[in-house]
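Take a look at the structure below.
The values are calculated or read from the model by the stated rules, or taken from the named source; none is laboratory data. Nothing here was measured: the structure is a model prediction, and the numbers come from that model. Counting neighbours? That spans all protein chains shown, and the Cβs are built from the backbone with ideal geometry, glycine included. Note: areas computed on protein heavy atoms with side chains; ligands, DNA, RNA excluded. Shrake-Rupley method; radii C 1.70, N 1.55, O 1.52, S 1.80 Å.
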2 protein chains.
Amino acid sequence: MDPVIAIVGSGAVGCYYGGRLAQHGQNVHFLFRSMYDAVHSRGLVVQSLDGNFSIPPDRLHAYHDPRQMPKADLIIVALKTTSNDQYHSLIRPLLKEQTLILTIQNGLGNEDQLAELFGEKRILGGLAFVCINRMEDGSIRHFDHGKISLAEFVGPPQARTEQIAKMFADCQVRCELLDDLRYARWEKLIWNVPFNGLGAVLDKTTDQLIATNEGQAIVRTLMAEIIAVAASLGISFPPEIIDQKIEHTLSMGAYRTSMQIDRQQHRPLEVESILGRPLEIARRKNITTPYLEMLYRVSTLV
Amino acid sequence: MDPVIAIVGSGAVGCYYGGRLAQHGQNVHFLFRSMYDAVHSRGLVVQSLDGNFSIPPDRLHAYHDPRQMPKADLIIVALKTTSNDQYHSLIRPLLKEQTLILTIQNGLGNEDQLAELFGEKRILGGLAFVCINRMEDGSIRHFDHGKISLAEFVGPPQARTEQIAKMFADCQVRCELLDDLRYARWEKLIWNVPFNGLGAVLDKTTDQLIATNEGQAIVRTLMAEIIAVAASLGISFPPEIIDQKIEHTLSMGAYRTSMQIDRQQHRPLEVESILGRPLEIARRKNITTPYLEMLYRVSTLV
């Protein structure tokens, strides 16, 4: 029998990846919250640079209560991290002995929180490198990238990790395996802290933030602070990574980060997982990170 | 004969103080720029908590070219500091041997720049503590405070300083004399840096900035940095001043600083005189001011 896959947190990212899996025949069950009414009548509509697709209402397994969903073999968590306090109520009803939980959420600390609640052996982490938005009509627009980087929370990839990667690949989602989830999380933070943080606080796109020398100086200082915090945990990055990330971002053009979009749409910001956690670690390790600290504090005012 | 008073930079602040002087019979000549057409047809209309008044077009000495104005005995400079590069062209035509120049602009460095151009002996500095806006119809609304603190740029008050203070007092403007202009400028900066700077960058009123602990922490850190820079110049403030300024600001309610208003109206921000000058001094004196630095850099992106 096909494994049961549950998507918890069916915003743009959850809908896209869950939708790809469903499109290619996987047995996917979506837990919707704010979008439930829209998908219930219209189904899931995705415009994607990798090919448009839709799942009509009569073929979409849509729920708004996890207690009405089948127990899952794999749960993909794509909640905004601002809802992590609902992990227990949303995920517990879906669990059986062998259920795996893959979080593809942003920032730091999600795997740790899941491991604490549900046991570390079943936890996997994924980084979704994707540019994706929910449109006003409820449809999903996927307009760049799409790769998932996948790792075990504890230890190197296992057979099960490879199976999940293969499943994504068979469903048109590029997927790579990582040996070290922490390295990847911190590398993503080096970019996310300045661009999500400043993007939200200033309501600026990535290109606007680095259009001037002063803007680049802010971004570079924040990146250097994150690298210093990572180093205090034994995770080292070469100093050139800052130049590389600036170069890459310059090549991206005008990009609105998810946190800027959240701000524009008056949704809660993922401040704690993207800014708060690294700041907490910096303080514990006595690493001075004044720019990160000021950015964190300012982000609570927005 | 009555002394000729020229108002250079007739925005809300220049109009208000120049208007009070004219209302009470002084011989005031206004150099208008963006507001010229409006006042030429409607005159100067001021709503003030100290009493409304207006000066009709036929009694208002309004100019838009300083070369058409009479030479002045006293020039009151109320330009936005973003126009300080026009000091020479706007002020030079008004000068005679004995002309005094009083700048009531915001921030640091205005007296220094005027002294360099026109000689330090004729320069006075004033701090305008006033809440004043220009309305959309071109009228001026004065809704709180109004005092001017007046000092010589070099040395203690002289007979001439006292004469100017008396003139203001006779024209319904409270005016106090200061022995030390620098102390007063830095004290005002302790407040202006956080509230003008953050207010503009975040588009927040003063009460919003200190409504949370994190917000207060940002304001307090910026104040402490400015106090440290002042100390490096031998200007010392008692540490309680931070608590006092927070308390006072809490009592003010929702106040939009001039820089927040400039941002909302898409006018240039007085970044250099309020944030850039103290940062320059901090760097020269090797005082670490990361919050000020980040705020300065961010303000250039807004």
Roughly how big is the B-A contact, given as buried accessible area in Å² (both sides, 1.4 Å probe, nearest 100)? 2000
If we count every other residue with Cβ under 13 angstrom of A:L209's Cβ, Lys/Arg +1 and Asp/Glu -1, where does the sum land? +2
Measuring from the longest principal axis of the C-alpha atoms of chain A, the long axis of helix A:159-170 (C-alpha) lies at a number of degrees, nearest 10, equal to 80
Would you kindly work out the equivalent ellipsoid of chain A from its C-alpha gyration tensor and give its semi-axes, the square roots of five times the eigenvalues, largest first in whole Å? 31, 22, 18
Computed lengthening from B:D50 to B:N133, 0.36 nm per intervening residue step minus Cα-Cα distance: 28.4 nm
Is it possible to state the helix-based mean residue ellipticity at 222 nm for chain B, with each DSSP H run of 4+ residues giving -39500 (n - 2.57), the sum divided by total residues, to the nearest 500 deg cm²/dmol? What is it? -11500 deg cm²/dmol
With every protein chain kept in place and ligands, DNA and RNA left out, what is the accessible area per residue of the protein assembly as shown? Probe 1.4 Å, answer in Å². 42
Using alpha carbons only, how many degrees (0 to 90, rounded to 10) separate the axis of helix A:240-252 from the longest principal axis of chain A? 60
Connecting every pair of Cα atoms under 10 Å apart in chain A and solving the GNM, the largest mean-square fluctuation among A:H145, A:H40, A:H266 falls on A:H266
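Determine the gain in length on full extension of the stretch A:R42-A:E214; use 0.36 nm per residue of separation and subtract their C-alpha separation, reporting nm with one decimal.
On the way: separation 172, 0.36 × 172 = 61.92 nm, distance 4.67 nm.
Full extension from A:R42 to A:E214 adds 57.3 nm.
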Whole-percent carbon and sulfur share, accessible surface of chain B, 1.4 Å: 48
What do you get when you divide the Cα radius of gyration of the protein assembly as shown by 2.2 N^0.38 Å, with N the number of residues? 1.21
Partner shielding of B:288-295, taken as the mean number of other chain Cβ atoms within 10 Å, equals 5
Tell me, for the rotation carrying B onto A, which chain B residue has the beta-carbon closest to the axis and what that distance is in whole Å. B:P290, 2
Return the percentage of antiparallel bridges among DSSP beta bridges fully within chain B, rounded to the nearest 5 %. 35
Return the loop-located chymotrypsin sites (Phe, Trp or Tyr not before Pro) in region A:215-302 (DSSP other than H, G, I, E, B) with at most 14 other Cβ atoms within 10 Å of their own Cβ; answer none if there are none. none
How big is the gap, in Å, between the Cα center of region A:85-131 and the Cα center of region B:194-248? 41
At most 11 other Cβ within 10 Å, DSSP loop - trypsin sites (Lys or Arg not before Pro), region B:242-302: none
Other residues with Cβ under 13 Å from the Cβ of A:G276 give, with Lys and Arg +1 and Asp and Glu -1, a net charge of -1
Working only with C-alpha atoms, what are the Rg and Dmax values of region B:4-179, expressed in angstrom? 14.9, 43
Around A:T300: net Lys/Arg minus Asp/Glu count, Cβ-Cβ under 11 Å: -1
Convex hull of region A:183-299 built on C-alpha atoms - directionally averaged projected area, nm²: 6.6
